[in-house]
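Read-outs: derived from the displayed coordinates by stated rules, not from any lab. All of these numbers come straight from a predicted model, not from anything done at the bench. Virtual Cβ from ideal backbone geometry, glycine too; neighbours counted across all protein chains shown.
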Amino acid sequence: MHGEDHPTSEPTTFEAEAPTTRYPEPPSGIDPDQSKGWIARLSPVLRTHRAVMSGALALAAVAMSIGALVPLVTRNAIDNALDARTSNLSTFVIVLIVLGITRAVFTFGYRYGLYGMAFRIEYQLRTMLHTHLSTLSFSFYDRVQSGQIISRANSDIRSVQMFLTFAPIMAVQLVSFVIAIAIMVSINIILTIVAMVALPGVFVFGQRLRQLIFPISWIVQSRMADVATVVDENINGVRVVKSFAAEERQVNDLADSAFRLRWAQMQAHYARARYNPIIENIPRLGLALMLLYGGLEVIDGNLSIGDLVAFNLYIVILQAPFRFLGMLLMMSQRAKASAERIFEILDEQPTVVDRGGAFDLVDPIGSITFDSVTFAYGTEIVGGAEGVDSGNILDDFNLDISPGERVAIVGRTGSGKSTIARLLLRFYDTQMGRVTIDGNDVRDITSRSLRHAVGLIPDEPFLFSTTVHDNIAYTRPDASSDEVVAAATAANAHAFIRDLDEGYDSVVGERGYDLSGGQRQRIAIARTLLANPRVLVLDDATSAIDVQVEAEIHEALLALMENRTTIIIAHRLSTISLADRVVLIEGGRVVADGTHQELLATEPRYSAVLAASDSDGHR
Ligand SMILES: Nc1ncnc2c1ncn2[C@@H]1O[C@H](COP(=O)(O)OP(=O)(O)O)[C@@H](O)[C@H]1O
Ligand SMILES: [Mg+2]
């Protein structure tokens, strides 16, 4: 056993088997300074794409400038070749073809660069968010809804990405806008003003439309979510729905919410139908004014036909910024809100972290101590000089477990049994007192080595949507099939796995629907057997297994407990009988400690708890 006084001389040969990283680490995080604006906070990410971004923008600037030159060439073609017949039309045709091809190539280049960058940023944000989420402590997951996190990972990242693609394109479009105006002014100032006079209307009506659409689009979105919820509950809850013969009611619910969605969508389209024709036709009004004034000028000989044709083409270029400016503003608002929601997660600090100088726990012998532990959920610091609060789950809790001992923890539902397991694995930190393993405070040990040394089998084990083999080999992906089969055999799971359609290669459903609770439990036991931890915690692990099957796997459980320190949290007498010693907890502390027989003889509260849970057990 190593004392806590010489952590620096600890051997650090602990090596968890884990798959190697196959993706490149994101090159940067976000700026941790929360007082900065969202773009500034993202700038470390954006900076890693500086080269691509400036390259793409340069290409875009060229492509758009060429676009702005085309009407000029057309003008010269008309004026010089067709009208004045001073030069050959084919020269202009060749010039236009060359400009067109160059523009196409540059447009391809900038789009390729820009979209590539956008998706790399999306990927980067996604890995960053996920990496960060995996560092966060249980207390975070207690607070947030998983649906919220998933939506942040999807739609919020997408809306930031879209803005980061769209905004630079818009910025560069201003270049062609400026060039176009410069050329137009150089041809005829008044005609330029006439051509532009109607364009602000595009912006104004566009804004009106957005003001109408924006709230409706929220309604549409939330109603779409309602429909999705009904469908989701219908499918995931199909067993309940059918067992109550409530299909018709579900169909009615769906029809209801689908109808409400239809109404909202109709409203949105009604608004679009009213405004879009106006927005689309305002430039034509400008065109008409321009043709009227320009035509007169041509008749008067102040303007050439080519000039008029060029203006005609420029109006198309000019309207774009008016159309998209409002959209850009809206996207930037959304992207800002989305970015802030993403930052909220990235700014979250894990509460349980390895402290500097934490050492690896190597080959522990497995003695465990809970030393005056006081703990409550959801509070950082509790108590003080006056001692403890009524909200404490554990209240001056003391327990010593020797290496290799098998201890059953018994107590009423909600008495804090699972909490004891969570503290041993350091899912949470104690408010007072300490939990030690081999005399080392768990806060001095690296979490990786601690959780490698302590294996937890929960009451509802989680199986991943993959094969049985991979689920068992989860902690040791390189384990051979023989090892996996041996673990499954010891967990009394081999027989039923062999009988599955594809044996160990059968994919277990999303929630393990294909398997019974007992079968899932045995796969989880095999998984833990293969991980081979020194300390084992069975948290109600046998509650889903029926008594008969439990009897069958008792041998497996006993084999599993061999040479390990084991904590058995259980209700069932047959499971408790696997332990050498039983502790009864109540009010956050141990109230009785001894063998099952002793407790039964001397502790009426013990028999009461057993009797109560026994009736539970026959649900
Ligand atoms: N993550 C959590 N956040 C807040 N309270 C919790 C959390 N987990 C458990 N509790 C509360 O702590 C108490 C003890 O829970 P638990 O240790 O799971 O009891 P047991 O396993 O003995 O049934 C219960 O009152 C429960 O409601
Ligand atoms: Mg529990």
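With the charge dipole of the chain set up from +1 on Lys and Arg Cβ and -1 on Asp and Glu Cβ about the Cα centre, the Cα lying farthest toward the positive end among the listed residues L529, I393, Y377 is that of Y377.
Rounded to the nearest 20, the size of the Cβ-charge dipole of region 535-583 about its Cα centre is 200 debye, with Lys and Arg at +1 and Asp and Glu at -1. For region 368-617, rounded, prolate or oblate, judged on the Cα gyration tensor with a ≥ b ≥ c (square roots of eigenvalues), a/c < 1.5 rounded, else prolate if a/b > b/c? Prolate, because a/c is 1.5 or more and a/b exceeds b/c.
Among the trypsin sites (Lys or Arg not before Pro) in region 39-121, those placed in a DSSP loop whose Cβ has at most 13 other Cβ atoms within 10 Å are R85. Of all DSSP beta bridges confined to region 368-617, the antiparallel ones make up roughly 50%. Shape analysis of region 168-228 places it in the oblate category; the axes a ≥ b ≥ c from the Cα gyration tensor give an a/c of at least 1.5, with a/b not above b/c. The magnitude of the dipole of region 368-617, with charges of +1 and -1 set on the Cβ of Lys/Arg and Asp/Glu and taken from the Cα centre, is near 280 debye.
From largest to smallest, the equivalent ellipsoid semi-axes obtained for the chain from the alpha-carbon gyration tensor read 70, 28, 24 Å.
In summary, the lysines within cross-link reach of K336, defined as a Cα separation below 17 angstrom excluding same-chain residues under 8 places away, comprise K36. In this structure the amide hydrogen of S87, modeled in the peptide plane, comes within under 5 Å of the amide hydrogens of A81, none closer than 5 places in sequence on its chain. Look at the dipole of region 78-192 built from charges on Cβ: of S139, A180, L82, the Cα furthest out on the positive end belongs to S139. Along the axis of the charge dipole computed for the chain (Cβ charges of +1 for Lys and Arg, -1 for Asp and Glu, origin at the Cα centre), the listed residues S449, A63, S155 are led at the positive end by A63. Among residues other than L303 with Cβ under 11 Å from its Cβ, the summed charge is -3 (Lys and Arg +1, Asp and Glu -1). Among residues other than P458 whose Cβ falls under 14 Å from its Cβ, what is the net charge (Lys/Arg +1, Asp/Glu -1)? Charge balance in the 14 Å sphere: +2.
For region 173-205 and region 111-168, what is the centre-to-centre distance using only Cα atoms, to the nearest Å? Each part's Cα centre sits 39 Å from the other's. In a simple Cβ point-charge model (Lys, Arg +1; Asp, Glu -1; nothing else charged), region 60-148 has a dipole of about 80 debye relative to its Cα centre.
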